[in-house]
Amino acid sequence: MALTAIDIYKLLPKTNCKECGQPTCLAFAMQIAAGKASIELCPPASEEAKEKLSAAAAPPLPKVTIGTGEREVVLGDETVLFRHEKTFYHPTAIAVSIRDDGSDEEFASRLAAIRRLSFERVGQRIAVDLVALRCASGEAGRYARAAAAAFEATGLPLVLFAPAGPLAAAVEAVAPSRPLLVPTPEDLLPAAKLAAERKLPLWVRAGGIEGLSVALADARAAGAVSLVADPSPETPRDAVSLATDLRRLAILGRVRDLAYPSAFDLGGGFPDPFLAAALLVAKYGSLLVLDSADPADLLPLLTLRQNLFTDPQRPIQVEAGVYAIGTPSESSPVLITTNFSLTYFTVRGDSEAAKVPAYLLIADVDGMSVLTAWAAGKFTGESISKMLAECGIGEKVSHRTLILPGMVARLSGRIEELSGWRVLVGPQESSALPSYLRRLPPAAFLPVHG
Amino acid sequence: MSVTLPIPVFPGRILEVTLPAGPGGTPVTVGGQNALPLLPEGEHPNAPAVGMEVPTGTLELPAALAAAIGPFAGDPVAMARKCAGDWGARFLFLSLAGCHPDGGGLSVSEGAAVVREVLSATPAPVIIGGCGDEEVDALLFPAVAEAAGRPVFLSYAEEKNHRLVAGAALAYGHGVVAWSPIDINMAKQMNLLLADLGFPPDRVLIDPLTGGLGYGMEYTFTIVERIRIAGLSGDAALARPILCHLGDAWKAREATDASEEAWGDVGARGPRWEETTGLACLGAGADLLVCRHPSSVARLAGAAWR
Ligand code: B12
Ligand code: SF4
């Protein structure tokens, strides 16, 4: 549990010496409780107080990283159980598997398929994060070559599923890329030693939470530090329940010995991996391994992840302003929409598909969709007229005609009245923009005469 | 070493609500739980229920839906039988969108006749959805309430029309689905308003508005979680079963656009889009799901555990 100001106050010297810059020890305790100060600022504090308070300040679920550089994957480091309590920081990482025993061609084409599991949505790249390499050949040399080839071809960090021998060989080949080591359960100790020596992250599996608490202790005793915990569920239902247990132990229980990001292998014979994966994205899975490389599976999962891991306090938004579609001229159409990323990228995509150069005005409505912004009173005749006057569009075009989203047709009168611009009501859905724009007579955008 | 799990214990319990069935049919009871969804803790006397929409009016079905339900979708009676039979829907959501002036323009009495026919064709529990046009719905709900020969639920009662809808439902012994646009305070307000009218609380479902995957789903997810936690924590006005209609999933370009080959086969992608939306709703705490694709019924039933 997080310490309260009173708990903290009890640990302080209570001399009100002011060395910390606060008038009293109690004021200082309140600063710490609010996360605005650290115990280091109180020189007279006892060792005990320092130890307790720095432990309490550490994140309840520690961070584990796999890979390096731009492709580094961060797991854990979460502070709440529900996104509305603050936000979730580190999206469930998704690995797609490949085996080392196929032909070179099969291997290459599977890697190519994994590389294609990368999509653009609302201005963000959503993609599979890691490649999980399964040792099916049992041969150390072959496995190590496959690891090097998989990393080389995709640039994605690796999750190495193998017995101790092949695992050690693969580590020789790709250690600097910081792979995650996944030994068979019998080989936990040698793999933990290897992870300790090479400072690599280690996947620890055991049956259930009790089993994990033993296996994690063994891995720590062997010197491994960076761990992910796999409670080895047999069904999607067990998986959700065990992932929840682990997350609650970390966040509610502050049980350090079990506070690790969770990892699940949903490949092999795991029943209904898609269902399990979707539920684990919503409920506390930190890392998932899937055998499917079908985009029809991965696109919905990655979209779900993108949805749930956005900050609930702040919709994904773009900057307001005047955007050019193609190379517009002074007689090109002027359209307006809002700065919610989903709205902007949808409208932008549809406008581009029209192949009619145009100006797109993006109104600042704190990242809300057209109707939401209208309902919230942020996309109004007044705000739109103000934007028309101030954004500089009047100098870019010689006409005074604005195309309004069909859903807010009711704003046209007010805009015409306040701004002097003429309003054309566009279609309700921007997907109808291509045919709409192509049908507009050029006379719609003739210059205005004094 | 033995590990003690920190399991939250809630003082509240979600009210049990039953969607009645006709003679020989199986009623659907949801609610009754005192714990969060999908977890083995606490009591969950009823599993979430997965139902299907029976459409009316002019339909422009995406290819994946046309292939699955096309032959039946134009005929509400045939569709209702198929949904409740082969496709395993535990309840039906009969949408009267066909009564919308832009959606087929069925008259109010034609809408009521469809209700009568569907109710006599199947004993499955039925929720009847309005057409979304305020003026038409103001005539439609009372007509439907009268036409329905057995108790059903009327969807939707919102702030503006709740007196009318609740009044019609009370007069003929129906339940209502209380709708609000992704807003916990309005969801609560709706239940208080219905209580003020003396509407029996065990005949009310909450519809929080379900955004499709990629198009507002996260707002729904969070509102459903918040409603559920508030209900379990003792807020009686929110301790009600939650219904999520997954229809918005089919508005997503990703669910229907066949031209993007890099997104995978659209025949598989569309149902996956609906299924994923539904799984997120179940994870958040939904008690009733309404699907459009038959495969979603089977798939989501696989996660609708107690
Ligand atoms: C998600 C959502 C929210 C989220 C906010 C999301 C956001 N960042 O905007 C939250 C939960 C915060 C929210 C809040 C509210 N919401 Co809201 N919300 C929605 C929901 C479910 C989806 C909106 C969305 O993302 N749409 C997708 C984007 C891409 O759509 P879009 O911006 O409109 O763009 C499309 C078209 O307008 C058009 N288009 C856009 N630009 C242009 C430009 C041109 C030139 C053309 C031609 C076309 C065009 O093409 C786009 C693609 O089709 C809708 C219902 C629905 N299913 O639509 C309700 C909805 C918009 N909300 C509504 C309401 C009432 C509200 C609230 C007032 C209620 C409340 N909860 O208190 C508040 C207002 C906000 C506030 N006071 O803070 C109502 C609006 C009622 C109305 N008919 O006007 C809706 C329609 C729900 C309903 N049926 O009642 N909402
Ligand atoms: S420095 Fe420490 S002892 Fe001195 S006032 Fe601040 S908290 Fe109290």
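Brief remarks follow.
- Rounded to the nearest angstrom and listed largest first, the equivalent-ellipsoid semi-axes of the range A:5-57 from its Cα gyration tensor are 14, 12, 10.
- Rg followed by Dmax, in Å, when the range A:227-309 is reduced to its Cα trace: 12.7, 39
- Size of charge dipole - the range A:286-408 - debye, nearest 20, with Cβ of Lys, Arg +1 and Asp, Glu -1, no other charges: 300 debye
- Per-pair calculated FRET efficiency, R0 = 60 Å: A:Glu210 and A:Glu395 via Cβ, rounded to 0.05: 0.25
- Separation between Cα centres of the range B:198-215 and the range A:348-374, rounded to whole Å: 31 Å
- On a per residue basis, the range A:28-95 carries 49 Å² of accessible surface, using protein heavy atoms and a 1.4 Å probe.
- What you get for chain A, charging only the Cβ of Lys and Arg (+1) and of Asp and Glu (-1), is a dipole of about 1100 debye around the Cα centre.
- Qualifying trypsin sites (Lys or Arg not before Pro) in the range B:131-196, where qualification requires a DSSP coil assignment and no more than 16 other C-beta atoms within 10 Å, comprise B:Lys160.
- Greater than 18 Å apart at Cα, pairs in A:Lys10/A:Lys52; A:Lys10/A:Lys50; A:Lys283/B:Lys251; A:Lys86/A:Lys283; A:Lys18/A:Lys52: A:Lys283/B:Lys251; A:Lys18/A:Lys52
- Rounded to the nearest 500, the helix-only mean residue ellipticity at 222 nm of chain B stands at -12000 deg cm²/dmol, with each DSSP H run of n ≥ 4 adding -39,500 (n - 2.57).
- Of interest is the spacing of the C-alpha centroids, which for the range A:309-332 and the range B:246-277 amounts to 25 Å.
- Rg/Rh, computed from the Cα trace of the range A:321-445 with Rh as the Kirkwood radius, has the value 0.91.
- Between A:Glu152 and A:Arg198, the FRET efficiency from the beta-carbon distance, with R0 = 25 Å, is close to 0.80.
- Helix-only mean residue ellipticity at 222 nm for chain A, each DSSP H run of n ≥ 4 adding -39500 (n - 2.57), per residue, nearest 500: -12000 deg cm²/dmol
- Fraction of the pair-distance distribution of chain B above 34 Å, Cα-Cα pairs, percent: 17 percent
- Lysines whose Cα lies under 19 Å from that of B:Lys188, excluding same-chain neighbours fewer than 8 positions away: B:Lys160
- Within the range A:303-339: backbone nitrogen closer than 14 Å to the A:Leu440 label point (7 Å, Cα to C-beta): A:323-337
- Magnitude of the charge dipole, the range A:63-308, Cβ model with Lys/Arg +1 and Asp/Glu -1, debye to 20: 820 debye
- Of the residues in the range A:62-98, those shielded by at least 10 Å² of accessible area once partner protein chains are present, compared with the chain alone at a 1.4 Å probe, are A:Phe82, A:Arg83, A:His84.
- Per residue convex hull volume, Cα atoms of the range B:55-160, in Å³: 100 Å³
- Gap separating the Cα centres of the range B:51-109 and the range A:215-263, nearest whole Å: 46 Å
- The C-alpha radius of gyration of chain A, expressed as a fraction of 2.2 N^0.38 Å, stands at 1.26.
- Pairwise FRET efficiency - A:Glu417 versus B:Asp265, Cβ, R0 = 51 Å, nearest 0.05: 0.50
- Accessible-area composition of the range A:5-57, carbon plus sulfur, in percent [1.4 Å probe]: 55 percent
- Rh (Kirkwood; distinct C-alpha pairs) - the protein assembly as shown, Å: 28.7 Å
The values are calculated or read from the model by the stated rules, or taken from the named source; none is laboratory data. This structure is a prediction, so every number in the text was calculated from the model and none was measured. So basically every Cβ, Gly included, is an ideal-geometry build from the backbone, and we count neighbours across all protein chains shown. Note: accessible area is taken over every heavy atom of the protein model, side chains too, but ligands, DNA and RNA are not part of it. Shrake-Rupley method; radii C 1.70, N 1.55, O 1.52, S 1.80 Å.
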